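> Quick one: the structure is below, and I'll ask about it shortly.
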């Protein structure tokens with residue numbers, strides 16, 4: 001069975017997410033970044 005999920009993360013990069021999922025025994029077919037938004041912390045810079 002194939003499932004699609006969307007995550008919203010604050011302090012992770014794509015490779016970090018893939019590695020964490022694989023370490024949990026989850027086979028990752030692909031990860032696609034669909035949207036990047038500025039956080040209040042980044043806007044203050």
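Every read-out reported here was derived from the displayed coordinates using simple, explicitly stated rules and does not represent laboratory data. Here the structure is a predicted model, which means the values were calculated and not measured. Here the Cβ is made from the backbone with ideal geometry for all residues, glycine too, and neighbour counts use every protein chain on show.
> Report, in deg cm²/dmol and to the nearest 500, the calculated mean residue ellipticity at 222 nm for the chain, where each DSSP H run with n ≥ 4 adds -39500 (n - 2.57) and the sum is divided by the residue count.
Values: 2 runs with 14 residues, N = 45.
Rounded to the nearest 500, the figure is -8000 deg cm²/dmol.
> Pull out the extension gain between residue 9 and residue 27, defined as 0.36 nm times the separation in residues minus the alpha carbon to alpha carbon distance; nm, one decimal.
Extending this stretch completely gives an extra 4.5 nm.
> Here's a follow-up. Sort 34-40, 22-28, 12-18 by the packing proxy (mean of other Cβ within 10 Å over each peptide's residues), most packed first. Let's see the in-between values first.
On the way: 34-40: 6.7, 22-28: 8.6, 12-18: 11.7.
Highest-to-lowest ranking by the protection proxy: 12-18, 22-28, 34-40.
> On to the next question. Hey, could you grab the Kirkwood Rh for the chain? Inverse mean 1/r over distinct alpha carbon pairs, Å, one decimal. Each step should come with its number before you reach the end.
Details: mean 1/r = 0.0806 Å⁻¹.
It is 12.4 Å.
> Relative to the longest principal Cα axis of the chain, at what angle does helix 14-23 sit, 0 to 90 degrees, rounded to 10?
Between the helix axis and the principal axis of the chain, the angle is about 40 degrees.
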